[in-house]
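Taking it in order: structure first as structure tokens, then the write-up.
The values are calculated or read from the model by the stated rules, or taken from the named source; none is laboratory data. Note that the coordinates shown come from a computational prediction; the quantities given were computed from them, not determined experimentally. Heads up, the Cβs are rebuilt from the backbone with ideal geometry, glycines too, and the neighbour counts pull from every protein chain shown.
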Amino acid sequence: MIEFDLKNRVAIVTGGAQGFGLAIVKKFIKSGAKVIIWDKDKLQIKKSLKEINSSNCFNQTVDVTKIKNINANIKIIKKKFKKIDILINNAGITGRNSKLWKYNEKEWKNVLDVNFNSVFYCCKAVVPLMLKQNYGRIVNISSIAGKEGNPNASIYSSSKAAVICLTKSLGKELANKNIAVNAVTPAAAKTRIFNQMSKKHINYMLSKIPRKRFTKVDELASLVTWLASEENSFATSSVYDLSGGRATY
């Protein structure tokens, strides 16, 4: 396996207590980084910390839809570590599978808040620190749904499309600095997020993947680790597919 060098790097992974986020946390720690898990599921954080069992793994109970909560925890990290080198915006929910006209306003806003507004809030809080140190790597976890628009998942698809556009805009704004901003658009993986989807929708997603299987969390973690490394000194404002051949552009 290829090993990446994240020694002396400090990373935040939102939604880091499970699924894609947990796989990324493990890969980062193996690569030498100090990692702070941001999640609001206290029980899942406790389970993940026990599983990881590393002195380089830290945690904060954070609601990434609350900018004040984010800023308060950023202050603690600054005091302890003096810097933030890497930000992985991974927290996300699918919302229920439904026709667009059957969503209520509260459901729509909740998915948008978790999947998209949180990315804005976290970047807004962390980018000023990266500018001061003239170094940073930001990776936003989007979805292939953000490119294609899945039926019966209009809010999820829309929120992930917004993440792609935010990534491209922010990457260009920071292109003259040693700060890279990229997005990854994976196909679905068998994580706890499947519990939010109907069996019919899961089968639909699988039917669209030419490789005839779902993404493995470790496959995503490896790609994200390279994007978060110093080795990635040129690629920015870009979108990386991990869709098993599903992506057409």
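A few comments on the model shown:
- When Phe234, Phe214 are checked against the criterion of being without any contact (Cβ under 8 Å) to a residue 60 or more places away in the chain, under 18 Å from the mean Cα position of the chain (by Cα) and either surrounded by 13 or more Cβ atoms within 10 Å (Cβ to Cβ) or over 15 Å from Gly149 (Cα atoms) (or both), a single residue qualifies: Phe214.
- Restricted to region 135-183, and to residues there that are within 16 Å of the chain's Cα centre (by Cα) and without any contact (Cβ under 8 Å) to a residue 24 or more places away in the chain, the residue that is surrounded by the most Cβ atoms within 10 Å (Cβ to Cβ) is Ala145.
- Some residue of region 173-192 being of a type outside the set (Phe, Trp, Tyr), in a helix (DSSP H, G or I) and at pLDDT 95 or above: yes
- Any chance Lys106 is at pLDDT 95 or above, part of a helix (DSSP H, G or I) and under 30 Å from Lys200 (Cβ atoms): yes
- Checked against (1) touching a Lys or Arg at 6+ places or on another chain (Cβ under 6 Å); (2) exposed (fewer than 14 other Cβ atoms within 10 Å of the Cβ); (3) of a type outside the set (Phe, Trp, Tyr), Leu43 passes all but condition (1).
- Residues of region 58-85 that are surrounded by fewer than 17 Cβ atoms within 10 Å (Cβ to Cβ), of a type in the set (Val, Ile, Thr) and not in a strand (DSSP E or B): Ile67, Ile76.
- Condition met for Asn53 (modelled with pLDDT of 95 or more and either in contact with a Leu (Cβ under 8 Å, 6 or more places away or on another chain) or not acidic (Asp, Glu) (or both)): yes
- Within region 11-32, considering residues that are touching a Lys or Arg at 6+ places or on another chain (Cβ under 9 Å) and assigned to a helix (DSSP H, G or I), the one surrounded by the most Cβ atoms within 10 Å (Cβ to Cβ): Phe28
- Flag if Leu100 is in contact with a strand residue (DSSP E or B) (Cβ under 8 Å, 6 or more places away or on another chain), surrounded by fewer than 18 Cβ atoms within 10 Å (Cβ to Cβ) and either of a type outside the set (Asp, Glu) or in contact (Cβ under 8 Å) with a residue 40 or more places away in the chain (or both): no
- Just one of the numbered conditions (1) part of a helix (DSSP H, G or I); (2) crowded, with 17+ Cβ neighbours inside 10 Å; (3) modelled with pLDDT of 95 or more is not true of Ser229: (1).
- Per-region count, region 193-249, residues over 14 Å from Ser143 (Cα atoms) and small (Gly, Ala, Ser): 9
- Conditions (1) surrounded by fewer than 19 Cβ atoms within 10 Å (Cβ to Cβ); (2) in contact (Cβ under 8 Å) with a residue 12 or more places away in the chain; (3) of a type in the set (Ser, Thr, Tyr); number of the one not met by Ser55: (2)
- Checked against the criterion of being among the small types (Gly, Ala, Ser) and under 20 Å from the mean Cα position of the chain (by Cα), region 65-75 has no qualifying residue.
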